[in-house]
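Working notes, structure below.
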């Protein structure tokens, strides 16, 4: 049998006449190589260490009562934050906390009197640790800081629907101060949900109960669906149980330990309630992909005649280094969210970055240890038998990617133009994107929040779901409040019958005027109402007085939130793009390659943004996805989406261009470098993309609209990136640029550090003589 030798770099005979190779060494490469060798030599300890770490994090989190996720909205420099601070300093936490509505609906009669069991259940909420401050009902109020019993004198008959007396509201206010105890809210929901009977329908709406889904759900979870899809795709790619199981095992270890660490983190800082789902989405996707790249390189090494330990070491030291580079980019992009200065992102960014960091560590430690146990079983049975018998020969078939890469080289202008046209067409809706907060009318039809929203719209009008509070502060608050009430009744889009001034101020310097809009909370007219009140209507009332009037409430909070994020988004995007440009410039010693990558990533973002605008805002096919008629794009989704997408796009760019760069270093033939790089990485990149698309697409089956948006948006972005950009547009542009792809000024080369990503010399290995090789294989 003739063994096909590995491609050699510079080589020369040593003093004994044996062939040796000059392999560059740097600290980063040696550390990765040594890490792989340590994992192989001490595989039992590595696996035991991961098991201890997983069990330990889960046990500690459990001893603390589980995770303590909270949503915190602090918006420095905004009217929302000014009002929040004013209410807190005045001891008015009940006005500054999160609230929600229990919606009651009876089939017969009316709700002039409370249904049996409702009042005792509400009074029972006033217990230590419940975090309930006060409860407003049509039959009286309950002050949990006071007697904790129903006070009929505080009855609010306005909470019975004027259009349908069979519908009534119970408003529950929780302690806030900018962050909220989700576990306490869940306990309240679990208690009150039991009031539902055949005669009494009980639903829940409002920010406090946004995470409750009621009767919706069931079936296969999005996470499990992602694993099933990944298993099927890996089975098609690898065709052996061991190679399929190990990427999944590595991802599971990273996921379980990552969720445990995030749960611990939630006790040290405010971590958003959406963080666990986002971490699951990221870890499952990138974890399987990272392991896929390493296992694929390991299998190729084995087929080139290497021993199992050497093959694993080389795979980790090449593809593993690319994983380390790409994963670090994802972490940096996520941590960049902190620069936005919005506390809502802090815990989310740190939590997801930690989870992705653990995914990288699992790929570089746990995966090599498991691969060393598997030996040649990572290959299909036929290949194993051929290698052990010494009869295996690599096929030189001309496959799809060989033909496709040659076609792109020949038709680069035509294919590049077609790909550009597709990207532009997909990006068109992006320019009409409206950021805001989608109300609960967009929740799936079977959820308690959607049912409650529809009942409120039926009994009170759709505008009742909006929450606008005019906070009056100053020495003449009652007089100013009455003037404000008279002025706002004539403002377009204000429901005059909803304007309400309490009979006495909350304190001697603060009172409120509550109003409702005619339009729904997510309607652009409601946002415009907030801006009109702040800019035109209210200043004309309090100007010349010692008082001031602020616009507060749910719609006002999200208006400020949107303004803060949209104003900082260009800076954030610019910083992420610049960072990725610098990383790729240093890695590939080129100016045009990182510039091309940055532009391609922006194209992918614009096209995928356009896709989600068409569905989530314009409503194309939205009912089939269970997201209502369509509404504004969540204000924080674009920056979060961009951070994740840019990091993931770098993965494919690194794996594609690193192979091209390797060929360029050997041949200095640009056409050959591009075609060989695309030919040898196209299959694995598209397989990895399909796995990522399946994982992200599975989250569309969840109930959370934001998670649906992120999942579908990322799935579409990965499809565009892998099947249009990396497959067509990037190689077409690089063919057109020619040798300019690799231009790097000498003065810049001298001042920039040298960091290699899967350097060509790392493929250098001495292929042993047949007898020596047979001895190595016998040890497997």
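The values are calculated or read from the model by the stated rules, or taken from the named source; none is laboratory data. No experiment lies behind these values; they were computed from the predicted model shown. Neighbour counts are summed over all protein chains in view; Cβ atoms, including those assigned to glycine, are modelled from backbone coordinates with ideal geometry.
Listed here are the residues, each with its yes/no results for (1) buried (at least 22 other Cβ atoms within 10 Å of the Cβ); (2) touching a strand residue (DSSP E or B) at 6+ places or on another chain (Cβ under 8 Å); (3) in contact (Cβ under 8 Å) with a residue 24 or more places away in the chain.
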{"position": "352", "(1), (2), (3)": "yes, no, yes"}
{"position": "356", "(1), (2), (3)": "yes, no, yes"}
{"position": "361", "(1), (2), (3)": "no, no, yes"}
{"position": "367", "(1), (2), (3)": "yes, no, yes"}
{"position": "371", "(1), (2), (3)": "yes, no, yes"}
{"position": "376", "(1), (2), (3)": "no, no, yes"}
{"position": "385", "(1), (2), (3)": "no, no, no"}
{"position": "390", "(1), (2), (3)": "no, no, yes"}
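Within segment 34-56, can one find any residue that is within 32 Å of the chain's Cα centre (by Cα), closer than 30 Å to residue 187 by Cβ, at pLDDT 90 or above and buried (at least 17 other Cβ atoms within 10 Å of the Cβ)? Checked segment 34-56: at least one residue is within 32 Å of the chain's Cα centre (by Cα), closer than 30 Å to residue 187 by Cβ, at pLDDT 90 or above and buried (at least 17 other Cβ atoms within 10 Å of the Cβ).
Within segment 494-526, count every residue that is surrounded by 15 or more Cβ atoms within 10 Å (Cβ to Cβ) and either in contact (Cβ under 8 Å) with a residue 12 or more places away in the chain or under 13 Å from residue 548 (Cα atoms) (or both).
Here is the first cut: in segment 494-526, the ones surrounded by 15 or more Cβ atoms within 10 Å (Cβ to Cβ) are 494-495, 498-499, 501, 505-506, 509-523, 526.
Checking which are either in contact (Cβ under 8 Å) with a residue 12 or more places away in the chain or under 13 Å from residue 548 (Cα atoms) (or both) leaves us with 494-495, 498-499, 501, 505-506, 509-522, 526.
Adding up the residues that qualify gives 22.
Checked against the criterion of being touching a residue at least 60 places away in the same chain (Cβ under 8 Å) and in contact with a helix residue (DSSP H, G or I) (Cβ under 8 Å, 6 or more places away or on another chain), segment 125-135 has at least one qualifying residue. In segment 444-466, the qualifying residues are those that are within 28 Å of the chain's Cα centre (by Cα) and not in a helix (DSSP H, G or I), and the one that is nearest to residue 708 (Cα to Cα) is 444. Looking across segment 542-567, the residues that are farther than 22 Å from residue 440 by Cβ, buried (at least 16 other Cβ atoms within 10 Å of the Cβ) and in contact with a helix residue (DSSP H, G or I) (Cβ under 7 Å, 6 or more places away or on another chain) come down to 542, 547, 548, 549, 550. Please work out if residue 595 is under 24 Å from residue 662 (Cβ atoms) and surrounded by fewer than 19 Cβ atoms within 10 Å (Cβ to Cβ). So residue 595 fits the description; yes. When you check residue 720 against the structure, is it at pLDDT 90 or above, assigned to a helix (DSSP H, G or I) and under 21 Å from the mean Cα position of the chain (by Cα), yes or no? Criteria met by residue 720.
Before we move on, is residue 472 outside the structural domain of residue 164 (by TED's automatic domain parsing), outside any helix (DSSP H, G or I) and touching a helix residue (DSSP H, G or I) at 6+ places or on another chain (Cβ under 6 Å)? Outline the logic, then answer.
On the way: outside the structural domain of residue 164 (by TED's automatic domain parsing): yes; outside any helix (DSSP H, G or I): yes; touching a helix residue (DSSP H, G or I) at 6+ places or on another chain (Cβ under 6 Å): yes.
Spelling it out, residue 472 is indeed outside the structural domain of residue 164 (by TED's automatic domain parsing), outside any helix (DSSP H, G or I) and touching a helix residue (DSSP H, G or I) at 6+ places or on another chain (Cβ under 6 Å).
Applying the set (1) part of a strand (DSSP E or B); (2) farther than 20 Å from residue 632 by Cβ to residue 504 leaves exactly one unmet item: (1).
Are any residues in segment 87-115 surrounded by 18 or more Cβ atoms within 10 Å (Cβ to Cβ) and over 22 Å from residue 466 (Cα atoms), and if so, which ones? Residues satisfying the conditions are 111, 114.
Looking only at segment 172-189, decide whether some residue is surrounded by fewer than 19 Cβ atoms within 10 Å (Cβ to Cβ) and more than 31 Å from the chain's Cα centre (by Cα). Among the residues of segment 172-189, not one is surrounded by fewer than 19 Cβ atoms within 10 Å (Cβ to Cβ) and more than 31 Å from the chain's Cα centre (by Cα), which makes the answer no. Looking across segment 164-182, the residues that are modelled with pLDDT under 90 and either within 13 Å of residue 112 (Cα to Cα) or assigned to a loop (DSSP other than H, G, I, E, B) (or both) come down to 175, 176, 177, 178, 179, 180, 181. Looking at segment 474-492, is at least one residue under 23 Å from residue 208 (Cβ atoms) and touching a residue at least 24 places away in the same chain (Cβ under 8 Å)? No, segment 474-492 has no match at all. Only a single criterion out of (1) over 26 Å from residue 341 (Cβ atoms); (2) surrounded by 19 or more Cβ atoms within 10 Å (Cβ to Cβ) is not satisfied by residue 576, namely (1). With the condition kept exactly as written, say whether any residue in segment 688-710 is touching a strand residue (DSSP E or B) at 6+ places or on another chain (Cβ under 9 Å), modelled with pLDDT of 85 or more and either within 30 Å of residue 279 (Cα to Cα) or buried (at least 24 other Cβ atoms within 10 Å of the Cβ) (or both). Yes; the residues of segment 688-710 include at least one that is touching a strand residue (DSSP E or B) at 6+ places or on another chain (Cβ under 9 Å), modelled with pLDDT of 85 or more and either within 30 Å of residue 279 (Cα to Cα) or buried (at least 24 other Cβ atoms within 10 Å of the Cβ) (or both). Residue count for segment 116-148 satisfying the condition of being more than 20 Å from residue 105 (Cα to Cα) and loosely packed, with under 15 Cβ neighbours inside 10 Å: 7. As for segment 618-628, it holds at least one residue that is outside any helix (DSSP H, G or I) and surrounded by 22 or more Cβ atoms within 10 Å (Cβ to Cβ).
Here is a list: 286, 261, 274. Which entry is within 18 Å of residue 58 (Cβ to Cβ) and in contact (Cβ under 8 Å) with a residue 12 or more places away in the chain? It would help to see each step written out before you state the result.
Working: 286 fails: within 18 Å of residue 58 (Cβ to Cβ); 274 fails: within 18 Å of residue 58 (Cβ to Cβ).
Answer to the selection: 261.
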